[in-house]
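Q: Below is one structure. I have some questions about it.
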Amino acid sequence: MDILNALVAITNYILIPATAYGSQLALGALGVTLIYGILRFSNFAHGDTMAFGTAITIMVTWGLQAMGVSFGPLPTALLALPVGIAATAVLVLATDKLVYSYYRRVRAAPVVIVMVSVGVMFMMNALTRFLIGVDDINFADGARFVITAREFRDMTGLAEPLPIRSSQIITIVMAALIVAALFWFLNRTRTGKSMRAFSDNEDLALLSGINPSRVVAVTWIIAAALATTAGVLYGLDKSFKAFNYFHLLLPIFASAILGGLGNPLGAIAGGFVIAFSEIGVTYAWKKVAGYLLPAFEPDGLLQLLSTEYKFAVSFVILIAVLLFKPTGLFKGKSV
Amino acid sequence: MSQHQPKEAWGGQWRAPVLFAIMAALLVFEGLSNGWNGALGIINMGLISAILALGVNVQWGYAGLFNVGVVGFVALGGLAPVLIAMPPTPGAFKAGGLGVLLALAVAIVTLGLAVWINKTQAKRIRLIAIPAALIAGFFAYRALLDPAVAMIEAINPSATGYLGGLGWPTLIAWPVGALMAAAAAWAIGKTALGLRSDYLAIATLGIGEIIVSVLRNEEWLGRGVMNVNGIPRPWPVPYEIDLQNDPGFVERMASFGLDPVTGSTILVKLLYTGLFAVILLALIWASEMALKSPWGRMMRAIRDNEISAAAMGKHVTKRHLQIFILGSAVCGLAGAMMITLDGQMTPSSYNPLRYTFLIWVMVIVGGSGNNWGSVLGGVLIWYLWIKAEAWGPDMMEFVTAQMSEGSLKQHLIDSAAHMRLLTMGLILLLVLRFSPRGLLPEK
């Protein structure tokens, strides 16, 4: 029984939250890695693109709620999501036209484009704050739980509860659908194939008649869709605060680099590795230890690192990857 | 970095003096219209900003290294005045000092051991031995650190609850701050340099966030978010209250027609200005000499064409590491000076917008690669940043004057603060796009 309780506690505090968080990171890292593969720079503005998309989605959600529209048990934000994606796509396409296209034309050094993306990041950050302010916003509505703690206890008779929040299930299902659609697009459609060809060898792709501006535009639109979805799912799961999305940049980059920059499959794997290590290292294991080893009574919480240092986990993994395998787990581009 | 040879900048050799004269005139006007106290405040922080911009310019202008973690190096340098100049907390070192030092020693030995295993052992052994050493070391570190920290934080937590400093003169803390930042830069540069250029940017972003969160959370070190107040002033700067109690000083101020309160604050600020100006000039002299030396020519050769410099037998990664450490040390020095000027350490004020992004705007606007340009950019952007705090709401009032009262008008007025950030972002992008060489281009 104690072993079951321990398993339930692990599922409740680690498996489910880390899977949900990992899905959000994977979606974010997919956007970063696609931009890297095709446009060949690390987009520091990605976190704030997520924040912008989420802000628009929240504002549309408020509008829908004011009109009395709801999505049944699902959060209204999912209805507003397409509008958020469209607005973000318009924003990033405009940014590309006004800002990035010039640096592509003069073939600027990658580090210059990275700096430009930092400038874009701050403008997007200011734009988001201007639109929606800096407050913590909770915009999740609909059913809060798929299974509440009490229902689970009545069902199983275990001491340990296992509530399942609907936002977590929605995150995991949405992420799975989007990843499946993305891989279908990249591997089966003509545009997707031309994107992969462009990423593998730009000159060869141009020679075989691929239209570069079309590839770039499609990449930005997909990146906007991924960023907005990741941002909305993260906001539903936790809450929306513009500055938190800036802090997500580090785990997202760590995921993309761990998986190998430019490699979509790697970005997903990286996202889950980072999420599971982050949550596993900052979780207080005392409860689980109490079930498994009743004789062992520790003084502390058995927490390896306090939650304030969760970013240190991504950072340590990032440093280890840079030291030992700069191309990442799945061969990405390195130099 | 650009493909074609740019045109000679307007103004020729008179450009720099004219621009500096305009900047000085702006500051004098500020002093005459809003009082010298505020103007000197802007000048002092402007000088520190100029030193920061100089440090970033060494990295970007000399070597093309993109440091996105300036805030971390500034914060680390800011820790130095706390550790050096604050009086030691009575009993704290006896209670937990030894434990903390032992824990840090264990951490260093563990990392050294891991590096040694990695260098000497076969791959089979490495795979098991490195994680084993790191995990064992981590648990030993926590086992030593946690009780020591609990003891230190238990000592009078409302007033101290931290180790305290050494009680040495504050001026010593400045080079120590530079050394601490240099050590962090060495660790980061060693891992991230030599790979593609984006990796350094991402790694510095990470170290910046981590240093700031360490300062926020490790209360035994610098009291965390409870802040450290009353950091002693550096050598020539007196306290206002002592001056006001000095009859000779009051008399002298009266002969200038100043009341002692205004006179003493202005004198204190002037002394800081002098101190900062001396350091700034020394740094500029040193970097100008370095830039003119064979070393500086090699650096520029590496920046302009890494491949051909490497073909000439220059060790590009080592030189990059060198310059990354130097630039970060200057940022650490500026961080220590800033905490000394404020007289308090407030970890929650370390905001990347203010300490990374704004410094970058200063370097780019001033002219990357030109030391005087960084100084001009540092003072000018700081001046604009401070003034925009007042101008923003005024401007928004003006823009919305014709609008009817309502939530939109209120929203726009409340958003004026965000407009300041937007404007700085816009300035950065416009300068990068249309005038990438900045106000004072590199010669």
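Q: If the convex hull of the alpha-carbon atoms of chain A is projected onto planes in all directions, what is the mean projected area in square nanometres? Intermediate values should be presented prior to the final figure.
A: Details: hull surface 76.7 nm².
The orientation-averaged projected area of the Cα hull of chain A comes to 19.2 nm².
Q: Cα gyration tensor of the range A:113-238, axes a ≥ b ≥ c as square roots of the eigenvalues: rounded (a/c below 1.5), prolate (a/b > b/c) or oblate?
A: On the way: a/c = 3.96, a/b = 1.71, b/c = 2.31.
Cα axes put the range A:113-238 in the oblate bin.
Q: Test of understanding: what is the full-extension gain from B:ALA132 to B:ASP259, defined as 0.36 nm times their sequence separation minus their Cα-Cα distance?
A: Working: separation 127, 0.36 × 127 = 45.72 nm, distance 6.83 nm.
Roughly 38.9 nm would be gained on extension.
Q: Determine, from the Cβ-Cβ distance of B:ILE413 and A:ASN138 and an R0 of 25 Å, the FRET efficiency 1/(1 + (r/R0)^6), rounded to the nearest 0.05. Mind showing how you got there, number by number?
A: Details: r = 26 Å, r/R0 = 1.03.
Efficiency computed from Cβ-Cβ geometry: 0.45.
Q: Protein chains only, probe 1.4 Å: how do A:ASP141, B:ASP198, B:ASP146 rank by accessible area, largest first? Can you show the working numbers first?
A: Working: A:ASP141 45, B:ASP198 0, B:ASP146 70 Å².
Heavy-atom accessible area, descending, gives B:ASP146, A:ASP141, B:ASP198.
Q: If I histogram all Cα-Cα distances within the range B:238-374 using bins 5 Å wide from 0, what percent of pairs lands in each bin?
A: 2, 8, 12, 15, 14, 13, 10, 9, 7, 4, 3, 2, 2, 1
Q: Here's something else I'd like to know. Run the Debye formula on the Cα coordinates of the range B:225-297, all scatterers equal and no solvent, and tell me log10 I(q)/I(0) at q = 0.19, 0.22, 0.23, 0.27 1/Å.
A: Log-scaled intensity ratios, in q order: -0.83, -0.96, -1.00, -1.13.
Q: To continue, here is another question. Note down the net charge around B:TYR239, summing +1 for each Lys or Arg and -1 for each Asp or Glu among other residues with Cβ under 11 Å from its Cβ.
A: On the way: positive: B:ARG233; negative: B:GLU240, B:ASP242, B:ASP246.
My count for the surroundings of B:TYR239 gives -2.
Q: Under a point spin-label approximation (7 Å from Cα along Cα-to-Cβ), what is the B:MET403-A:ALA66 distance to one decimal in nm?
A: Each label point is offset 7 Å from its Cα along the Cβ direction, giving 1.5 nm.
Q: What is the dipole size for chain B, taken about its Cα centre, with +1 at each Lys and Arg Cβ and -1 at each Asp and Glu Cβ, in debye to the nearest 20? If you can, show how the numbers build up before the last one.
A: Numbers: 29 positive and 23 negative charges, 429 e Å.
Roughly 2060 debye for chain B.
Q: Same structure, new question: Mind scanning B:LYS119/B:LYS314; B:LYS292/B:LYS314; B:LYS314/B:LYS443; A:LYS310/B:LYS318; A:LYS241/A:LYS310 and naming the pairs with a C-alpha gap bigger than 20 Å? Can you show the working numbers first?
A: Working: B:LYS119/B:LYS314 25 Å; B:LYS292/B:LYS314 18 Å; B:LYS314/B:LYS443 23 Å; A:LYS310/B:LYS318 32 Å; A:LYS241/A:LYS310 18 Å.
Beyond 20 Å between Cα atoms: B:LYS119/B:LYS314; B:LYS314/B:LYS443; A:LYS310/B:LYS318.
Q: Over all directions, how big on average is the projection of the convex hull of the alpha-carbon atoms in the range B:216-259, in square nanometres? Working shown, then result.
A: Details: hull surface 19.4 nm².
Across all orientations, the range B:216-259 yields a mean hull projection of 4.8 nm².
Q: In whole Å, what are the extents of the protein assembly as shown along the principal axes defined by its C-alpha atoms, from largest to smallest?
A: Result, largest extent first: 88, 69, 69 Å.
Q: If you don't mind, another one. Does a label point 7 Å from the Cα of B:ASN34, set along Cα-to-beta-carbon, have any residues of the range B:383-404 with amide nitrogen under 16 Å, and which are they?
A: Zone members listed by number: B:383-396.
Q: Computed over the Cα atoms of the range B:119-158, what is the ratio Rg over Rh, Rh following Kirkwood? Walk me through the intermediate numbers first.
A: Numbers: Rg = 16.8 Å, Rh = 12.4 Å.
Radius of gyration over Kirkwood radius for the range B:119-158 works out to 1.35.
Q: Another question, if that's okay. If R0 is 41 Å, what FRET efficiency do you get for B:MET289 and B:SER348 from their C-beta distance, rounded to 0.05?
A: Values: r = 39 Å, r/R0 = 0.95.
The computed FRET efficiency comes out at 0.55.
Q: What is the Cα convex hull volume of chain B when expressed per residue in Å³?
A: Output value, Cα hull per residue: 206 Å³.
Q: From the P(r) of the range B:89-163, could you give the percentage of C-alpha pairs in the tail past 14 Å?
A: Taking all Cα-Cα pairs of the range B:89-163, the fraction more than 14 Å apart is 63 percent.
Q: Work out the charge dipole of the range B:89-163 with +1 on the Cβ of Lys and Arg and -1 on the Cβ of Asp and Glu about the Cα centre, then indicate which of B:THR89, B:ALA136, B:ALA150 is farthest towards its positive end.
A: B:ALA136
Q: With every protein chain kept in place and ligands, DNA and RNA left out, what is the accessible area per residue of chain B? Probe 1.4 Å, answer in Å². It would help to have the intermediate numbers written out before the result.
A: On the way: 20650 Å² over 443 residues.
Normalised by residue count, the accessible surface of chain B is 47 Å².
Q: Please give me the summed charge of the neighbours of A:MET59: other residues whose Cβ is under 14 Å from its Cβ, Lys and Arg +1, Asp and Glu -1.
A: Working: positive: A:ARG129; negative: A:ASP135.
Neighbourhood net charge equals 0.
Q: Shifting gears a bit: As an exercise, use a Förster radius of 22 Å and the Cβ-Cβ distance of A:THR11 and A:LEU302 to find the FRET efficiency, rounded to the nearest 0.05. Walk me through the numbers before you get to the answer.
A: Working: r = 18 Å, r/R0 = 0.81.
So, using R0 = 22 Å, E works out to roughly 0.80.
Q: Using 7 Å Cα-to-Cβ label points, what is the A:ALA289/A:VAL106 separation (nm, one decimal)?
A: 5.8
Q: Enter the per residue convex hull volume of the range A:50-92, computed from alpha-carbon coordinates, in Å³ rounded to the nearest integer. If you can, show how the numbers build up before the last one.
A: On the way: hull volume 2.3 nm³, N = 43.
For the range A:50-92, the hull spanned by Cα atoms encloses 54 Å³ per residue.
Q: Quick one: divide the alpha-carbon radius of gyration of the range A:200-249 by 2.2 N^0.38 Å and tell me what you get. Don't skip to the answer; put the middle values down first.
A: Working: Rg = 16.4 Å, N = 50, 2.2 N^0.38 = 9.7 Å.
For the range A:200-249, the normalised Cα radius of gyration is 1.69.
Q: Run the 1.4 Å probe and let me know the accessible area of B:HIS315, rounded to the nearest 10 Å².
A: 90
Q: So for B:THR317, A:THR171, what's the accessible-area order with a 1.4 Å probe, most first? Could the numbers behind the result be given before it?
A: On the way: B:THR317 55, A:THR171 0 Å².
My answer, sorted largest first, is B:THR317, A:THR171.
Q: Sticking with this structure for a sec: Distance between the C-alpha centers of the range B:394-443 and the range B:51-99? Whole Å please.
A: 32
Q: Now for a separate question. With each label point set 7 Å from Cα along the Cα-Cβ vector, what nm distance links B:TRP168 and B:ARG300?
A: 3.8
Q: Mean 1/r over all different Cα pairs, inverted: what Kirkwood radius does the range A:255-305 give, in Å?
A: By the Kirkwood definition, the hydrodynamic radius is 12.6 Å.
Q: Based solely on its DSSP helices, what 222 nm [θ] is calculated for chain B when runs of n ≥ 4 H residues each add -39,500 (n - 2.57) and the sum is averaged over all residues, nearest 500 deg cm²/dmol? Don't jump to the answer; show the numbers that get you there.
A: Values: 18 runs with 324 residues, N = 443.
Per the formula, -25000 deg cm²/dmol.
Q: Still on this structure, I have one more. For the range B:256-329, compute the orientation-averaged projected area of the C-alpha convex hull (one quarter of its surface), in nm².
A: Details: hull surface 27.8 nm².
Mean projected area of the Cα convex hull: 7.0 nm².
Q: What full-extension length gain, to one decimal in nm, is calculated for B:ALA311 and B:ALA282 as 0.36 nm per residue of separation minus the Cα-Cα distance?
A: On the way: separation 29, 0.36 × 29 = 10.44 nm, distance 3.46 nm.
So the extension gain works out to 7.0 nm.
Q: For B:LYS318, B:LYS269, A:LYS286, write out the residues from largest to smallest accessible area, computed with a 1.4 angstrom probe and no ligands counted. Kindly include the intermediate steps, with their values, before the conclusion.
A: Numbers: B:LYS318 120, B:LYS269 60, A:LYS286 85 Å².
Ranked list, largest accessible area first: B:LYS318, A:LYS286, B:LYS269.
The values are calculated or read from the model by the stated rules, or taken from the named source; none is laboratory data. Treat the numbers as computed from the prediction; the structure is a model and nothing was measured. With ideal geometry, Cβ positions are generated from the backbone for all residues, glycine too; neighbour counts draw on all protein chains shown. Keep in mind that these areas ignore ligands, DNA and RNA; they rest on the heavy atoms of the full protein, side chains included. Shrake-Rupley method; radii C 1.70, N 1.55, O 1.52, S 1.80 Å.
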